[in-house]
Amino acid sequence: MILELKGITKTYGQQKVLDSVCFSVGKPEFFTILGPSGAGKTTLLKIITGFISSSGTVHFKGRRLNNGFPEGMVIGFQNPIMFNTSVFNNITYGLKIRKKTSNYIEGKLRDVLHIVRINDLKRNALSLSGGEVQRVALARLLMLDPELILLDEPTAHLDPSNVGNIEHILHKVNKEMGKTIILATHNINQAKRLSDRLMLLIDGRTVEISDNETFFNKPKSAETSRFLKGDIVW
Amino acid sequence: MGVIIEGFVEASRLILTLDPEIVAITWLSLKVSVSAVVLGFILAMPIALALSFYNFPGKQFLVNIVNTLMGLPPVVVGLFVYLILSASGPLGFMQLLYSPAAMIIAQLIIVIPIIAAISYNSISSLDSRLKETAVSLGANNLQAMWLLIMEARKGIVTSIIAGFGAAISEVGAIFIVGGNIRFHTRALTTAIMLETRRGQFELAIALGIILLAMAFAVNIILTRYQARGIPR
Ligand SMILES: Nc1ncnc2c1ncn2[C@@H]1O[C@H](COP(=O)(O)OP(=O)(O)O)[C@@H](O)[C@H]1O
Ligand SMILES: [Mg+2]
C-alpha cells in the first residue's frame, strides 16, 4: 500500500465537498478518481498533497502526512502553468533546487525525454501550445523520479491527438517505469482505457471502488450504471 | 527664430567640446539620481517583498500609503527634507543641507514608493499557481519566493527605470535642498531653470538636450526590454 486515505471530509461553509472518502492505492497501480465536474476531485488531490486541510488521515508509504509537501509524491495540476524561462529550465527546476549535479540532471533528462517527446528545450515555455505544456509539465514531474504521481485532468482542454499522446505517455509511465498513478478525470472513456482500478466520486461521496473489469461490465452500484449510461446529468 | 537656431548651434558646440560646466552638471545629476535609485532599490525591495509574501495587521493600510506616496509632489518632499536637515531641524547637526547628499535623500524619498509599489504590484499579480507549482516540485519557502521574484523580474526592472526617470527629471526637491550651487549642487533640471531665467539659452538648450537624451534612452531601454521575450 503506497497511499491510504481514511475518512477524508471537507466542508466549505455549509457545503460538504468531500464526505468521509476512504481508499487505498497499491504499487504500481493506475488508480482513477472518476467523477463529474464539481464532484470534489481537485479538492481531494490537494488534500493528499497538503495544499488543503481536512479531517481524516492520509498515509503515504506508511507515514502519516501532516503538513508540507510530501517528498516522493508529485502532482500535475489542472491547467499546469509554465515558468517564464526555457523549457529546459522548467523541466530541470525540481532537480536544480535539490542541488543535483549537471551530470545527474542530464542522465535523468535523457531517461525522461525517452518517454516524453519534447523537441526544443531552448524555447521559452510560455510560447508552448496546450499539448506541449502538458508534456513539459509531465516531464517536469518525472524528473523527480516520484513514487506516486497525482494528475488532475491532464487532458481536459486538449484535442484528440494530444489526448491520445498524453494517454500513451501515462500508460508507459505506469507500466514501463512502474510509477503509481492517481488520475482525476471526468472522462469515462479515458478512465476505461487507462485504469487498473477506479473510484466513482459524485458530490463528494464514494459511489463505488472497483477494478476496471467490474466497474465497466458489472458495476456493484446501480448509481454507477446510471452514471456510465449518461443518466446522471452534470 | 534666429535665437533658437543660434541657441541650438551653440548648444551642440558646448556638448561636442565637452564644456566643463556641462560635464560637471551632467555628472552630478547622474551621480545623485543613480545613487538615489540604487539606495532606493535596496530599501524598497524589503517593503515590496514583505507586502507580497507576508500577511500582517495593517498591511492594506501600508499598501495604500505606498501607493499614495508614489504621487508625492517633489516640492513637498523638498520642503520636508529641508525642514529636517535645516540648522534647527532634527538632523541639522549633520550639516547636509545644500549638499549632494541632501539631494540624494530627497530623491530617495521620491524613488522608494515608486520602486516598492511597482515591484509589489508585479509580484502580487502573478498567477497563484506558480507558487503551488514550485512547492509541489520541492521548493522551500525561500526558493518559492525567489522563483516569484524571477517571474516578476520585468515589473521589477520597470520599477527601477521608472524610479530613475522620476529622479532625473525632478526639479523641486533638489532645488530646495541642494540650493543649485554652481559646481556643487547644480543639476540638469535646476540649471535649465536658472539659465532660462537668465536668458542663457545656449546652455539651457544644451542641458535640455542631454536631459531629453537620457529620458529617451531610459524609455528605449524600457520598451526594448518589455518587447523582448525574456531570455533564459
Ligand atoms: N475554495 C473553495 N471555497 C468554496 N467552495 C469550493 C472551494 N473549492 C472548491 N469548492 C467547491 O467544492 C466542490 C468540488 O470542487 P472541485 O474539487 O474543484 O471539484 P472537481 O475537481 O471534481 O471538479 C465544488 O462544488 C466547488 O464549487
Ligand atoms: Mg477539478
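With the requirement that a residue be under 27 Å from A:THR180 (Cβ atoms) and either facing chain B (nearest Cβ under 9 Å) or acidic (Asp, Glu) (or both), what does the range A:118-142 give you?
Of everything in the range A:118-142, those that are under 27 Å from A:THR180 (Cβ atoms) and either facing chain B (nearest Cβ under 9 Å) or acidic (Asp, Glu) (or both) turn out to be A:GLU132, A:ALA137, A:ARG140, A:LEU141.
Mind telling me which of the residues A:ILE105, A:ILE182 ends up being of a type in the set (A, V, I, L, M, F, W, C) and within 23 Å of A:GLY50 (Cβ to Cβ)? Write out each step before concluding.
On the way: A:ILE105 fails: within 23 Å of A:GLY50 (Cβ to Cβ).
Of A:ILE105, A:ILE182, the one residue that is of a type in the set (A, V, I, L, M, F, W, C) and within 23 Å of A:GLY50 (Cβ to Cβ) is A:ILE182.
Out of the residues in the range B:127-146 meeting the condition of being more than 7 Å from every other protein chain (Cβ to nearest Cβ) and open to solvent by less than 40 Å² (accessible area, probe 1.4 Å), tell me which one is farthest from A:ILE81 (Cα to Cα).
Initial filter on the range B:127-146 (more than 7 Å from every other protein chain (Cβ to nearest Cβ)): B:128, B:131, B:134, B:140-142, B:144-146.
Narrowing further to those that are open to solvent by less than 40 Å² (accessible area, probe 1.4 Å): B:134, B:144-145.
Values: B:ALA134: 10, B:ALA144: 14, B:MET145: 16 Å.
Filtering the range B:127-146 for residues that are more than 7 Å from every other protein chain (Cβ to nearest Cβ) and open to solvent by less than 40 Å² (accessible area, probe 1.4 Å), the one farthest from A:ILE81 (Cα to Cα) comes out as B:MET145.
Which of the residues that make up the range A:129-151 are in contact (Cβ under 8 Å) with a residue 24 or more places away in the chain, part of a loop (DSSP other than H, G, I, E, B), at negative phi and open to solvent by 30 Å² or more (accessible area, probe 1.4 Å)?
Hits for the range A:129-151 are A:LEU144, A:GLU147.
Any residue that is over 30 Å from A:ALA137 (Cβ atoms) and modelled with pLDDT of 95 or more - is there at least one of those in the range B:117-132? Let's see the steps before the verdict.
Our first condition is that a residue be over 30 Å from A:ALA137 (Cβ atoms); within the range B:117-132, this holds for B:117-118.
With the extra rule that they be modelled with pLDDT of 95 or more, the set shrinks to B:117-118.
Within the range B:117-132, one or more residues are over 30 Å from A:ALA137 (Cβ atoms) and modelled with pLDDT of 95 or more.
Looking at the structure I just gave you, is A:PHE77 modelled with pLDDT under 95, within 29 Å of A:LYS172 (Cα to Cα), within 16 Å of ligand 2 (Cβ to nearest atom) and among the aromatic types (Phe, Trp, Tyr)?
Values: modelled with pLDDT under 95: yes; within 29 Å of A:LYS172 (Cα to Cα): yes; within 16 Å of ligand 2 (Cβ to nearest atom): yes; among the aromatic types (Phe, Trp, Tyr): yes.
Yes: the conditions hold for A:PHE77.
Name every residue in the range A:192-230 that is within 17 Å of A:GLY38 (Cβ to Cβ) and either within 16 Å of ligand 1 (Cβ to nearest atom) or in contact with an Asp or Glu (Cβ under 8 Å, 6 or more places away or on another chain) (or both), in order of residue number.
A:MET199, A:LEU200, A:LEU201, A:ILE202, A:ASP203, A:GLY204, A:ARG205, A:THR206, A:VAL207, A:GLU223, A:PHE227
Of these, A:LYS41, A:LYS16, A:LYS10, A:LYS46, which one is within 14 Å of chain B (Cβ to nearest Cβ) and within 15 Å of ligand 1 (Cβ to nearest atom)?
Result: A:LYS46 is the single residue among A:LYS41, A:LYS16, A:LYS10, A:LYS46 that is within 14 Å of chain B (Cβ to nearest Cβ) and within 15 Å of ligand 1 (Cβ to nearest atom).
Among the residues of the range B:151-180, count how many are open to solvent by 40 Å² or more (accessible area, probe 1.4 Å) and either at pLDDT 95 or above or in contact with a Lys or Arg (Cβ under 6 Å, 6 or more places away or on another chain) (or both).
Selection size over the range B:151-180: 3.
Would you kindly identify the helices (runs of 4 or more DSSP H) lying entirely within the range A:1-116 that contain at least 1 residues that are open to solvent by 60 Å² or more (accessible area, probe 1.4 Å) and among the polar types (S, T, N, Q)? Lay out the reasoning, then the answer.
Details: elements: A:41-48, A:87-96, A:102-115.
Per the criteria, A:102-115.
Test A:ASP145 against the stated conditions and say whether it is away from ligand 2 (no atom under 16 Å from the Cβ) and more than 14 Å from every other protein chain (Cβ to nearest Cβ). Give the steps one after another, and end with the answer.
Values: away from ligand 2 (no atom under 16 Å from the Cβ): yes; more than 14 Å from every other protein chain (Cβ to nearest Cβ): no.
It is false that A:ASP145 is away from ligand 2 (no atom under 16 Å from the Cβ) and more than 14 Å from every other protein chain (Cβ to nearest Cβ).
Suppose we filter B:ALA50, B:ALA116 for residues that are surrounded by 22 or more Cβ atoms within 10 Å (Cβ to Cβ) and within 19 Å of B:LEU126 (Cα to Cα); which single one remains? Steps first, answer last, please.
Values: B:ALA50 fails: surrounded by 22 or more Cβ atoms within 10 Å (Cβ to Cβ).
Result: B:ALA116 is the single residue among B:ALA50, B:ALA116 that is surrounded by 22 or more Cβ atoms within 10 Å (Cβ to Cβ) and within 19 Å of B:LEU126 (Cα to Cα).
The values are calculated or read from the model by the stated rules, or taken from the named source; none is laboratory data. Everything quoted here is computed from the prediction, not taken from an experiment. As a convention, Cβ positions derive from the backbone with ideal geometry for all residues, glycine included, and neighbour counts pool all protein chains shown. Remember, those area values only see protein heavy atoms, side chains included, never the ligands or the DNA or RNA. Shrake-Rupley method; radii C 1.70, N 1.55, O 1.52, S 1.80 Å.
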